[in-house]
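A.B. asks: Before anything else, here's the structure in question.
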Amino acid sequence: MPKKSILVLLRHGQSQWNLENRFTGWTNVDLTQKGCQEAERAGRLISKCGFNIDIAFVSLLKRSIKTCKICLNQFSNQKVKVNQDWRLNERHYGDLQGLNKAETAQKFGEEQVLQWRRSFDVAPPKIDEQDPRHPSKDPLYDEIDKKLLPSSESLKDTMQRVSPFLDEHLFPQIKQGKDCLVVAHGNSLRAIFKIIKNISDENIIKLNIPTGEPYVFELDNKLKILGDYYLGEQKK
């Protein structure tokens, strides 16, 4: 019988800009108190299932890193190696970052904003490369090739960024029978869902991933899905 691996995907807890209904993207905002509580609850749920997580992966954004740290603190007698990778960052929302979503809809129209938010291959307006908010101006990305840093991204762009990370780091761990935790963001996790479950371009944009709710994949060493489900209350 093939070795079964567990992959837990977790969207970070509520961030300050989630609360304020702003386009966040690569902006490095912190968790709210509720977000910390969500991370703690997620850790308890994962621990309660008895999963023996071998390795965790996070983005370079503090809301992902902090969620993972709080989550892992709920594990008893487990020392989990945590790897950071910029390719797990949230989708870059370009010049929309920092704007309130409702106000943006009033300015540009509901239909246009919905297209930016939910289409597969339409990116929001780019942020100017000289703008201090551009990732090339952030010391966090000093070691990344500037040509790779986005000025704006569609979900398709995000998936193309995430895909090499999966091939280089995550999938090899699963094929070795390791149990993995990925704490990332709504759109980088959408990309992982799309690749693992082979979801169509049309259907992936309908997938909503709530904050702080662990999603489990049971996979064999060929990456075949043996089972997948949310932990906790299914209705929620």
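The values are calculated or read from the model by the stated rules, or taken from the named source; none is laboratory data. Computed from a predicted structure; not experimentally measured. Virtual Cβ from ideal backbone geometry, glycine too; neighbours counted across all protein chains shown. For accessibility, only protein heavy atoms count, side chains too; no ligands or nucleic acids. Shrake-Rupley method; radii C 1.70, N 1.55, O 1.52, S 1.80 Å.
A.B. asks: Could you please tell me which pairs satisfy a Cβ distance under 6 Å, a separation of 6+ or placement on different chains, a first residue in segment 90-110 that is in contact (Cβ under 8 Å) with a residue 40 or more places away in the chain, and a second residue that is assigned to a helix (DSSP H, G or I) and not hydroxyl-bearing (S, T, Y)?
C.D. replies: Correct list of pairs: E90/N187; R91/N187; T104/V113.
A.B. asks: Does segment 46-65 hold any residues that are open to solvent by 10 Å² or more (accessible area, probe 1.4 Å), part of a helix (DSSP H, G or I) and either under 22 Å from L166 (Cβ atoms) or at pLDDT 95 or above (or both), and which are they?
C.D. replies: Hits for segment 46-65 are K62, I65.
A.B. asks: Restricting attention to segment 66-89, and to residues there that are open to solvent by 60 Å² or more (accessible area, probe 1.4 Å) and outside any loop (DSSP other than H, G, I, E, B), which single residue is modelled with the lowest pLDDT?
C.D. replies: Per the stated criteria, the residue is K81.
A.B. asks: Within segment 197-236, can you find the residues that are more than 13 Å from I6 (Cα to Cα), without any contact (Cβ under 8 Å) to a residue 60 or more places away in the chain and surrounded by 13 or more Cβ atoms within 10 Å (Cβ to Cβ)?
C.D. replies: Matches in segment 197-236: K197, I199, L207.
A.B. asks: Out of (1) in contact (Cβ under 8 Å) with a residue 60 or more places away in the chain; (2) open to solvent by 30 Å² or more (accessible area, probe 1.4 Å), what's the single condition that is false for F120?
C.D. replies: (2)
A.B. asks: Moving to a separate point now. For segment 21-51, what are the residues that are within 27 Å of Y141 (Cβ to Cβ), of a type in the set (G, A, S) and touching a Leu at 6+ places or on another chain (Cβ under 8 Å)?
C.D. replies: Residues satisfying the conditions are G25, A39.
A.B. asks: In addition: Considering only residues of segment 4-17 that are open to solvent by 20 Å² or more (accessible area, probe 1.4 Å) and touching a strand residue (DSSP E or B) at 6+ places or on another chain (Cβ under 9 Å), which is nearest to P132 (Cα to Cα)?
C.D. replies: Step by step, filter segment 4-17, then rank; the result is Q16.
A.B. asks: Could you give me the residue pairs with C-beta distances under 8 Å whose first residue belongs to segment 2-20 and is of a type in the set (D, E), whose second residue is assigned to a strand (DSSP E or B) wherever it lies, and which are 6+ apart or on separate chains?
C.D. replies: As it stands, the answer is E20/N100, since those pairs meet every condition given.
A.B. asks: Further question: Please state which one of V113, V183 is of a type outside the set (S, T, Y) and at pLDDT 95 or above.
C.D. replies: V183
A.B. asks: Now for a separate question. Against the definition (part of a loop (DSSP other than H, G, I, E, B), open to solvent by 70 Å² or more (accessible area, probe 1.4 Å) and not small (G, A, S)), how does E168 come out, yes or no?
C.D. replies: no
A.B. asks: Are any residues in segment 186-208 within 14 Å of the chain's Cα centre (by Cα), modelled with pLDDT of 95 or more and not charged (D, E, K, R), and if so, which ones?
C.D. replies: Listed by number, the residues that qualify are G186, N187, S188, L189, A191, I192, F193, I195.
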